[in-house]
Amino acid sequence: PVFDYEHKLVVSTSHPLAIQTSVEPEQLAQETLFTYPVEPERLDIFSQFLHPTKCSVKQHKIMETTEIMMQLVAANRGICALPGWLVEEYAQSLNIKSLRFGDKGIHKQINIGVRKGETQLSYLDDFIAQAKNN
């Protein structure tokens, strides 16, 4: 493990949900959700938030790049779910806001893995040390 973070829902600052600090699954039923091209079962917003409550979104659209996804969210064309630290970066230049998933949120951890036989590479050791310090 390198660091912990919270997975967040991202909405435009002009979105009706933007006045809240957290969101419940039922509140996303009429939303367009932008995600990366990953199977829904592997996306935390589905597996840990929507599916356990038998909820879904109105539309699910795949986006290849974070920048386009964030521009569409800022333009109030849909919502997305991203790591909180990434949302904070984009919130400095875009009209977006992050919301907690439910009362407890979705907490995650970034891990670094190394293949067998590559554990003694100095550049990997340096990268891991630097990642742990940030």
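Brief remarks follow.
- Residue that is touching a Leu at 6+ places or on another chain (Cβ under 6 Å), surrounded by 19 or more Cβ atoms within 10 Å (Cβ to Cβ) and either assigned to a helix (DSSP H, G or I) or modelled with pLDDT of 95 or more (or both), where the choices are Leu99, Leu50, Leu33: Leu99
- Filtering segment 102-134 to residues that are open to solvent by 100 Å² or more (accessible area, probe 1.4 Å) and not charged (D, E, K, R) leaves His107, Gln120, Tyr123, Phe127, Gln130, Asn133, Asn134.
- Being in contact (Cβ under 8 Å) with a residue 40 or more places away in the chain, surrounded by 12 or more Cβ atoms within 10 Å (Cβ to Cβ), among the β-branched types (Val, Ile, Thr) and at negative phi is a description that applies to Ile79.
- Of residues in segment 36-47 being of a type outside the set (Val, Ile, Thr) and in contact with a strand residue (DSSP E or B) (Cβ under 8 Å, 6 or more places away or on another chain), the one surrounded by the most Cβ atoms within 10 Å (Cβ to Cβ): Leu43
- Restricting segment 5-30 to residues that are under 13 Å from the mean Cα position of the chain (by Cα) and surrounded by fewer than 20 Cβ atoms within 10 Å (Cβ to Cβ), the residue that is farthest from Phe49 (Cα to Cα): Tyr5
- Checklist (1) surrounded by fewer than 16 Cβ atoms within 10 Å (Cβ to Cβ); (2) part of a helix (DSSP H, G or I) applied to Leu72, failing item: (1)
The values are calculated or read from the model by the stated rules, or taken from the named source; none is laboratory data. Here the structure is a predicted model, which means the values were calculated and not measured. Note that we place each Cβ from the backbone using ideal geometry, even for glycine, and neighbour counts take in every protein chain shown. Remember, those area values only see protein heavy atoms, side chains included, never the ligands or the DNA or RNA. Shrake-Rupley method; radii C 1.70, N 1.55, O 1.52, S 1.80 Å.
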